[in-house]
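Any read-out appearing in this document is the output of simple, stated calculations on the displayed coordinates, not a laboratory observation. Since we're looking at a predicted model, the values are computed, not measured. Using ideal geometry, Cβ is built from the backbone for each residue, glycine included, and neighbour counts are taken over all protein chains shown.
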Ligand SMILES: [Mn+2]
Ligand SMILES: [Mn+2]
Ligand SMILES: [Mn+2]
Ligand SMILES: [Mn+2]
């Protein structure tokens, strides 16, 4: 079985990291040999989230070769946002919530896109469709990704599907007060706010 | 609500026609104002299928404008295989089982691709996920599309998902002997065979 690396875009945000960990887990349950990796270190917000749910940051890679030539993309599809050797790889799966641009393949693949506020919202639906339970800590990451991408469901990209997913994920993750947690998390990501708090 | 035209590729085959009728129906159940149309007249095989299940051939169109600027594509994504004014339209949904090539959008959209032998197989899964029943005659068209694209599950592109979908669809459609029906249908599409039979 081919090893498959799963990753989000360069300069990863919380959704890029959370969605890669979630999709790698989901596809592993279905029999694939997946590993979530990242195209950069977690930003301060994501670091807060990983610490909060006690999850190790994914290994940082710049290229997939020679380790593997088969990858899955989350939270992006545009080649210039992807891994350095993307043009030499086979993309087997994409889960994304952005426009499609410059993405071409030689063969058929799995592609799952929806115009939701967050990629982790799509993956939440995929877990439900497959009837696979989301582990508590992964639900915590995915809930944080929705909070991050939708600014606590306030961004204009927010849909009712994001709202429902966040509610379900927060319950699994044991987040009692989503707003309280969300504000703390968003503040951890904004150095300005953090500074203001210290001042 | 924006009217949305749903269609397969130019020179439509049975999957292009069946998948457009199936997706238009599914999305209508979910509240969209959809109409299945076609980029050409049905070929002899598809004519046989439509007659067999007593379904009217979709209206043939060459352009979506000025009727609507919003469309859904099935069984293709490449612009040169699509409607003449594709570059002026918003593609809101794609369901396809081909490689992705030259397909770019300005905004996020629904895109559902899988490397199965037939687009109608993907839509069969979508009906199940949404918990929506497939009407008997639409199941007949979709079963025929799988038979057509996979040559009765014999083509190298055939997957176990196609097999399962065909079984389920044939049951709904009341096709008692899939092989007998399939051979009859495939023969209707090949003038050579038809001639041979007459000779
Ligand atoms: Mn992102
Ligand atoms: Mn995102
Ligand atoms: Mn076709
Ligand atoms: Mn097809």
Square roots of 5 times each gyration tensor eigenvalue, C-alpha, chain B, largest first, Å: 27, 18, 16
Average beta carbon contacts from partner chains per residue of A:102-115, 10 Å cutoff: 6
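Please give the direction-averaged projected area of the C-alpha convex hull for region A:1-115, in square nanometres with one decimal. Walk me through the numbers before you get to the answer.
On the way: hull surface 28.4 nm².
Approximately 7.1 nm², given one-decimal rounding.
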Estimated [θ] at 222 nm from DSSP helical runs (n ≥ 4, -39500 (n - 2.57)) normalised by residues in chain B, nearest 500: -13500 deg cm²/dmol
Residue order, fewest to most beta carbons within 10 Å, for A:1, A:126: A:1, A:126
Exposure proxy order (Cβ contacts within 10 Å, fewest to most) of A:133, B:69: A:133, B:69
Debye-sum result for region A:83-159 in log10 I(q)/I(0), which assumes one identical scatterer on each alpha carbon, at q = 0.17, 0.18, 0.23, 0.27 Å⁻¹: -0.80, -0.87, -1.11, -1.23
Sites residue B:177 and residue B:54 - FRET efficiency at Förster radius 22 Å, r taken between beta-carbons, to 0.05: 0.70
Alpha carbon convex hull of the protein assembly as shown, volume per residue in cubic angstrom: 150 Å³
Alpha-carbon spread of region B:144-186, three principal axes, descending order, Å: 26, 20, 13
Residues B:71, B:161, sorted so that the one with the fewest Cβ neighbours within 10 Å comes first: B:161, B:71
Copy-to-copy label separations for residue B:133, where each label sits 7 Å from Cα toward Cβ, in nm and ascending: 3.4
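Kindly give Rg over Rh for region B:105-199, based on alpha-carbon atoms, with the Kirkwood expression for the hydrodynamic radius.
Looking at region B:105-199, the ratio lands at 1.06.
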